[in-house]
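The structure appears below as structure tokens.
The values are calculated or read from the model by the stated rules, or taken from the named source; none is laboratory data. Keep in mind that what you see is a predicted model, and the values were worked out from it rather than measured. Here Cβ is always computed from backbone atoms with ideal geometry, including for glycine, and neighbour counts include all displayed protein chains.
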Amino acid sequence: MEIHEQLYLGDVVEMRKQHPCGSYQWEIVRVGADIGLVCLTCKRRVLLPRRQFARQAKKFIKRGAQAQGDQAPTTG
């Protein structure tokens, strides 16, 4: 199963494999071609290609503020 939902900064996800520190939970800090993650236990930062992230992410624990509908107004 892969995650195909929109990703937002501040989302907390549970990954399939355990980090060496013992945590499964990561916060998304960068969204683009690569997904930047920070381990919530040891604060280690990693960058995963979007495709690899989609395969390794198990579920969302908490959604970021933008996912809740607090999107910044756009001009245009």
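Restricted to the range 1-32, and to residues that are touching a helix residue (DSSP H, G or I) at 6+ places or on another chain (Cβ under 6 Å) and at pLDDT below 90, which residue is surrounded by the fewest Cβ atoms within 10 Å (Cβ to Cβ)?
Only one residue fits best here, namely Glu2.
May I ask you to say which residue of Ala72, Ala67, Ala57 is surrounded by 13 or more Cβ atoms within 10 Å (Cβ to Cβ), at pLDDT below 95 and out of contact with any strand residue (DSSP E or B) (no Cβ under 8 Å at 6 or more places or on another chain)? Reasoning before the result, please.
Working: Ala72 fails: surrounded by 13 or more Cβ atoms within 10 Å (Cβ to Cβ); Ala57 fails: out of contact with any strand residue (DSSP E or B) (no Cβ under 8 Å at 6 or more places or on another chain).
Unique residue meeting the criteria: Ala67.
Taking only pairs six or more apart or across chains, which ones have beta-carbon atoms under 9 Å, a first residue in the range 18-34 that is more than 15 Å from Leu7 (Cβ to Cβ) and free of Cβ contacts under 8 Å to residues at least 12 places away in the same chain, and a second residue that is among the hydrophobic types (A, V, I, L, M, F, W, C) and part of a loop (DSSP other than H, G, I, E, B)?
Filtered contacts from the range 18-34: Pro20/Cys42.
Identify all residues within the range 33-44 that are surrounded by fewer than 16 Cβ atoms within 10 Å (Cβ to Cβ) and not hydrophobic (A, V, I, L, M, F, W, C); write none if there are none.
Passing the criteria: Asp34, Thr41, Lys43, Arg44.
Among the residues of the range 14-40, which ones are farther than 14 Å from Ala54 by Cα and part of a loop (DSSP other than H, G, I, E, B)?
Across the range 14-40, the qualifying residues are Gln18, His19, Pro20, Cys21, Gly22, Ser23, Tyr24, Leu40.
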